[in-house]
1. When the Cα centres of the range 81-97 and the range 117-165 are compared, how far apart do they sit, in Å?
2. What whole-number distance in Å separates the alpha-carbon centres of the range 12-57 and the range 265-290?
3. Give the dimensionless ratio obtained when the Cα radius of gyration of the chain is divided by 2.2 N^0.38 Å.
4. With a 10 Å Cβ neighbour count serving as the proxy for reagent exposure, in which order, fewest first, do S130, S328, S289, S322 appear?
5. N173: net charge of surrounding residues, Cβ under 14 Å, Lys/Arg +1, Asp/Glu -1, itself excluded?
6. Under the rule of -39500 (n - 2.57) per DSSP H run of 4 or more residues, summed and divided by the residues of the chain, what mean residue ellipticity at 222 nm is obtained, to the nearest 500 deg cm²/dmol?
7. I need to check one value: relative contact order of the chain, counting alpha carbon pairs closer than 8 Å and at least 6 residues apart, in percent.
8. Would you mind checking the range 316-331 for residues with the amide N under 16 Å from a putative spin-label position 7 Å along Cα→C-beta of D180?
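Just so it is clear, none of the values below were taken in a lab; they were calculated from the coordinates. What you see is a predicted model, and the numbers here were worked out from it, not measured in a lab. Note that we place each Cβ from the backbone using ideal geometry, even for glycine, and neighbour counts take in every protein chain shown.
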Amino acid sequence: MAYAAFRSIGAYVPQKILTNEDLAEMVDTSDEWITKRTGIKERHIASDDEYTSDLGVKAARQAIERSGIALEDIDMVVCATISPDYFCMPSTATIISTKLGLKNVTAFDISAACTGFVYILSIAKAFIESGMKKNVLIIGAEKLSAITDYTDRGTCILFGDGAGAAVISATDNKDEAIVDVHTGADGEYADLLMTPNGGSGSAHDALEEEAGVFMQMKGNETFKVAVRTLTKDVKEILEHNNIASESIEHFVPHQANYRIIKAVGDALKMTEEQVVLTVHKYGNTSGASIPMAINDIYEAGELKAGEMMLLDAFGGGLTWGSALVPFSPLK
Ligand code: COA
């Protein structure tokens with residue numbers, strides 16, 4: 001049987017920085033309020049002519065270069081995004097594939113909001129373990145600034161742009177393999193976080209008013225459900241695989257809010273050294289946040305071959321997920 005190994009990581013962050021002070025000039029808020037409630041200090045914003053696929057391509061090139069796998073051997077590209085270049089079609093994954101020069105790949109996007117990276121990890125694992133694919137490029141890429149309402153102080157302080165990518169490839173060596181991936185969803189909570197306009201469910205007059213495809217959120221309720229759901233899910237994946245939280249080298253949570261990360265980390269008795277934190281500098285980049293955070297520890301020289309990562313995420317849907325992933329580079 002083939003196993004799936006996490007070979008490499010790459011990321012890209014747009015140059016422009018939007019600080020809390022900048023936001024305080026746009027809406028009624030302050031650096032103090034944002035820092036205290038979220039831990040976010042700044043986020044990066046893509047330029048007008050920089051699309052989600054452009055961010056994804058840059059992250060993907062880096063991940064492929066670092067993987068030791070030839071570009072032409074990539075046989076599937078999956079992109080997690082809620083801010084695709086074009087709603088409906090073509091998929092951002094197909095655009096990324098073409099920009100990379102890939103031919104004859106299977107390419108598609110998935111929509112699982114901030115849990116997107118965990119979902120595409122499970123897809124890569126399943127395709128590889130079934131023998132259908134050998135080298136899968138997975139990308140979380142978001143230009144959330146394109147779907148953020150910069151007059152709504154409840155949401156615009158949270159989100160940023162960026163991309164992260166990883167190459168997952170087949171191996172016979174079980175020690176290198178992704179141990180487990182959990183994914184879940186519950187549409188009962190759909191109204192906590194949504195983009196109500198622009199789809200077939202939109203009110204017709206909303207479309208006529210060109211209300212835009214902005215995110216709307218019930219922040220306080222989302223916060224509570226997130227802490228509850230994540231703590232339960234992460235405990236379950238550890239117990240199910242008989243792994244103690246002490247043996248996790250890197251706990252890489254979705255970077256939504258420092259207080260959520262702290263609450264879940266404390267419930268799991270994770271130390272500060274174990275918890276990977278990037279929310280202060282990137283904000284919430286949805287499906288891109290986990291691979292961007294993994295890339296940060298990789299580039300800091302803190303992610304070594306064989307070390308175990310525990311990923312966890314939640315997002316609109318609601319969706320949630322967790323994964324136990326050893327870092328298994330080929331070179
Ligand atoms: N600056 C200043 N005040 C703000 C504000 C801002 N940016 N946003 C909201 N407020 C105000 C509210 O209007 C409210 O005022 P009121 O008491 O006069 O009515 C007050 O702050 C408290 O609002 P509340 O929504 O209860 O705050 P909160 O402590 O829940 O913090 C969030 C708001 C959004 C930071 C927090 O709920 C959160 O992070 N939730 C999770 C969101 C998330 O992670 N979403 C992504 C999921 S992947």
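1. 11
2. When both Cα centres are located, 17 Å separates them.
3. Relative to the rule-of-thumb radius for its length, the chain sits at 0.93.
4. By the 10 Å Cβ count, ascending: S130, S328, S322, S289.
5. Around N173, the charge tally is -2.
6. -9500 deg cm²/dmol
7. The normalised contact order for the chain reaches 27 percent.
8. Answer for this model: 321-326.
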